[in-house]
Amino acid sequence: MKNQYFLSLLILIGLSSCYRTLSSEGGGQGDIRTDSRPVNGADIELPSGYTVEAVATGLTFPTGLTFDEQGRAYVIEAGYAYGEVFLEPKLLRLDQGGGLTQVAAGQKNGPWTGVVFHNGNFYVSEGGQMEGGKILRITPDGALSTIAEGMPSLGDHHTDALAVGSDGFIYFGQGTATNSAVVGTDNADFGWLKRFPDYHDVPCDDITLTGQNFTTDSPLPDNPGKKSTGAYSPYGTPTTIGQVIKGRVPCSGAVMRVPLEGGKPELVAWGFRNPFGIAFAPDGKLYVTDNSYDERGSRPVWGTGDYLWQVQSGTWYGWPDYSGGLAFDGEKFGKPGGVAPKPLLARHPNKPPRPTATLGVHSSSNGMDFSRGDSFGYQGQAFIAQFGDMAPNAGKVLDPVGFKVVRVDVSNGIITDFAVNKGKENGPASKLKHGGLERPMAVKFSPDGQSLYIVDFGVMQMTEQGPAPQQKTGVVWKVSRNNN
Amino acid sequence: MRLRYTLLLFGLLFTVACGTAKRGEPTYAPIPTSEPAIAQGEVVFNTYCQPCHPGGETGLGPAINDKPAPGFVIRFQIRNGLGAMPAFKKEVISPEKLDDLLAYIKAQRKAKKVKAS
């Protein structure tokens with residue numbers, strides 16, 4: 001009897017000591033292969049009846065894909081990647097046999113994060129790390145024009161992927177400037193704080209602050225010393241209880257829309273963090289994927305999954321005071337042994353809804369699309385590309401999270417792996433040392449609905465100096481259903 | 001002697017507790033959801049556990065799809081949240097839902113491999 005009690009106690013202790021004892025083991029950490037990127041579809045596991053092959057390789061930071069009216073595929077290269085790499089973003093046509101033809105190139109204001117072809121033109125979201133985010137129109141012969149601009153994208157997150165609605169509007173996500181609304185030393189690590197020392201988040205509507213401030217050692221050489229910083233304010237600017245911050249549009253952490261012919265962005269919904277993926281379901285409802293909080297900066301938030309949201313017009317989704325519909329009102333979401341985040345807003349616009357699905361913490365659940373017909377199967381389900389964790393910078397994980405394509409039944413939130421690397425453990429091919437998936441960034445069904453294209457960003461190692469993305473390691477995969 | 005035995009056991013438990021385990025679709029057979037408790041448990045799991053134990057595998061937290069731990073230990077872990085894990089009280093996961101969740105976790109552990117990898 002006594003022994004049994006002792007054993008149970010031991011089991012419990014054994015079970016509750018992993019997290020603190022083990023160090024972070026993310027998918028970009030440890031021994032990562034960066035000198036080559038072998039490509040082999042046989043290293044990717046799929047449900048029975050599906051096959052996968054690479055249709056383009058050697059891409060530099062690909063992020064999105066679309067098809068023209070003849071069914072030809074086009075891919076965009078971001079031009080900017082974390083790790084402060086600035087290149088020209090590009091729109092490329094995928095030719096039969098794996099060749100790539102350049103259609104257009106942009107300014108060094110990437111990352112280009114999404115592309116759709118609609119009624120004879122391409123529409124591209126330009127992330128806007130240098131000049132702010134834009135929506136571009138590109139004609140098939142490569143003439144480029146700006147149809148909307150001024151999106152607040154100089155910070156951590158950018159203007160995100162887009163989708164065209166049946167109402168003739170382009171819907172797109174806009175990420176926040178910071179992790180949880182307070183500018184801190186983590187933003188200097190990203191690189192932008194030194195470039196834009198006054199930059200911060202912008203709310204979509206007037207907000208009243210609780211007046212919390214956070215003290216850090218200034219990372220800015222021109223402005224050294226201890227600094228106190230409040231929410232929605234420049235680095236080193238404290239706030240007071242009851243202070244009102246004026247809202248405006250375009251704003252941070254929102255879904256907005258512009259007419260196809262261009263114009264001023266209009267607000268659809270806000271309170272997101274980084275709503276990267278966007279798609280209309282077959283029933284016409286709009287969904288976004290939202291990259292959740294990191295365990296970094298002045299106000300770290302721990303253990304929050306990425307979300308799949310159904311977007312309802314005029315609704316606030318909870319950033320920076322809720323996660324997945326749950327309020328920051330107690331010990332929740334504090335790092336073990338750390339302080340739990342407290343609300344920054346004195347009043348909340350509405351009680352946020354609950355998500356459609358909650359995906360892996362730090363999985364970086366990004367581009368998505370819906371299966372529309374029976375020809376591919378899983379009709380009506382959302383397919384989501386998981387870029388994979390950026391541990392330890394984003395937070396600690398015990399093993400790699402993401403690096404695969406999952407499918408979600410939006411009626412009940414059940415998430416199932418669809419395309420995942422073979423092997424006893426999960427992770428990118430560069431860690432598992434085979435020819436499978438690296439970092440899936442976007443997925444897109446072909447117009448006939450029979451195949452799923454996976455845009456694989458390529459190798460991104462996490463080093464002491466930050467992310468180290470590898471050029472020319474991007475791949476486009478095509479998953480087809482066997483005729484049987 | 002007794003101490004050495006304890007330490008050994010502890011070490012063993014730690015390895016078992018903190019190991020990784022890939023045990024989901026598509027490598028493994030889908031979990032049979034014809035039993036209503038398992039089907040409902042799958043929804044509970046996806047709502048509350050999936051973010052840190054994706055598919056029962058290691059993620060932010062350790063794998064739970066390969067643990068020999070008896071049901072009462074898992075229940076204790078869920079209700080009290082030992083270590084870094086948050087607790088889930090009965091206002092969040094009702095006793096009925098907890099039963100369903102356990103049925104699902106047990107089914108997850110029994111999943112059969114259908115592909116070589």
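The values are calculated or read from the model by the stated rules, or taken from the named source; none is laboratory data. Bear in mind the structure is a predicted one, so any value in this text is a computation, not a measurement. Cβ coordinates were reconstructed from backbone atoms using ideal geometry, including for glycine residues, and neighbour counts include every protein chain displayed. Heavy atoms of the whole protein, side chains included, go into the accessibility calculation; ligands, DNA and RNA do not. Shrake-Rupley method; radii C 1.70, N 1.55, O 1.52, S 1.80 Å.
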Amide H neighbours of A:Gly58 under 5 Å, counting only residues 5+ apart in sequence or on other chains, H built in-plane at 1.01 Å? A:Gly474
Could you order peptides A:247-258, A:471-482 by the average number of other Cβ atoms within 10 Å of their residues, highest first? A:247-258, A:471-482
Give me the one-decimal nm value for the distance between modelled label points at A:Phe214 and A:Thr51, 7 Å along each residue's Cα-to-Cβ direction. 5.1 nm
Mean residue ellipticity at 222 nm from the helices of the protein assembly as shown, using -39,500 (n - 2.57) per DSSP H segment of n ≥ 4 over the full residue count, to the nearest 500 deg cm²/dmol? -4000 deg cm²/dmol
Give, as a single signed number, the net charge of other residues whose beta carbon lies under 15 Å from the beta carbon of A:Lys422, with Lys and Arg counted +1 and Asp and Glu -1. +1
Given a 1.4 Å probe, show me the residues in the range A:376-418 buried by at least 50 Å² of accessible surface when comparing the whole protein assembly to the chain alone. A:Leu398, A:Asp399, A:Ile414
Compute the separation of the alpha-carbon centres of the range A:208-246 and the range B:35-55 and state it in Å as a whole number. 41 Å
Per residue of A:356-365, what is the mean number of Cβ atoms on other protein chains within 10 angstrom of that residue's Cβ? 4
Under the rule a/c < 1.5 gives rounded, and otherwise a/b versus b/c splits prolate from oblate, where does the range A:45-190 land using the Cα gyration tensor? prolate
Distance between the C-alpha centers of the range A:377-397 and the range A:24-52? Whole Å please. 14 Å
In whole percent, how big is the carbon plus sulfur part of the accessible area of chain A, probe 1.4 Å, protein atoms only? 48 percent
Under 25 Å from the Cα of A:Lys332 - lysines, other chains or at least 8 residues apart: A:Lys342, A:Lys351, A:Lys396, B:Lys89, B:Lys90, B:Lys97
Karplus-derived 3J(HN,Hα) from phi for the range A:82-98 (6.51 cos²θ - 1.76 cosθ + 1.60, θ = phi - 60°), whole Hz, x at Gly and Pro, runs 3, x, 6, 9, 10, 10, 7, x, 9, 10, 10, 8, 8, 8, 4, x, x
Could you pull the Cα extents of the protein assembly as shown along its three principal axes, largest to smallest, in whole Å? 79, 66, 45
For the range A:61-80 and the range A:257-331, what is the separation of their C-alpha centers, rounded to whole Å? 24 Å
Per the 1/(1 + (r/R0)^6) rule, R0 = 22 Å and r from the Cβ atoms of A:Glu88 and A:Asn119, FRET efficiency to 0.05 is 0.25
First select every other residue whose beta carbon is under 14 angstrom from the beta carbon of A:Val443; then total the charges, Lys and Arg +1, Asp and Glu -1. +3
Which whole-number value in Å² is the accessible area per residue of chain A, probe 1.4 Å? 36 Å²
All other residues with a Cβ under 13 Å from the Cβ of A:Asp456 taken together, and with Lys, Arg as +1 and Asp, Glu as -1, what is their net charge? +2
Separation between the A:Asn223 and A:Lys108 pseudo-spin-labels, each 7 Å from Cα along Cα→Cβ, expressed in nm? 2.4 nm
Checking an interface number: how much accessible area is buried between B and A, summed over both chains, with a 1.4 Å probe, in Å² rounded to 100? 3700 Å²
Two pseudo-spin positions, 7 Å from Cα along C-beta at A:Glu131 and at A:Gln96, lie apart in nanometres by 3.9 nm
Which of A:Thr229, A:Pro47, A:Ser371, positive extreme of dipole for chain A (C-beta unit charges): A:Thr229
HN-Hα J couplings of the range A:67-78 from phi, Karplus 6.51/-1.76/1.60, θ = phi - 60°, integer Hz, Gly and Pro as x? 10, 7, 5, 8, x, 7, 8, 10, 10, 10, 9, 4
Extend 7 Å from the Cα of A:Thr237 along its Cα-to-C-beta direction; within the range A:134-161, residues with backbone N under 14 Å of that point are none
By per-residue mean of other Cβ atoms within 10 Å, what is the highest-first order of A:365-375, A:164-174, B:87-97? A:365-375, A:164-174, B:87-97
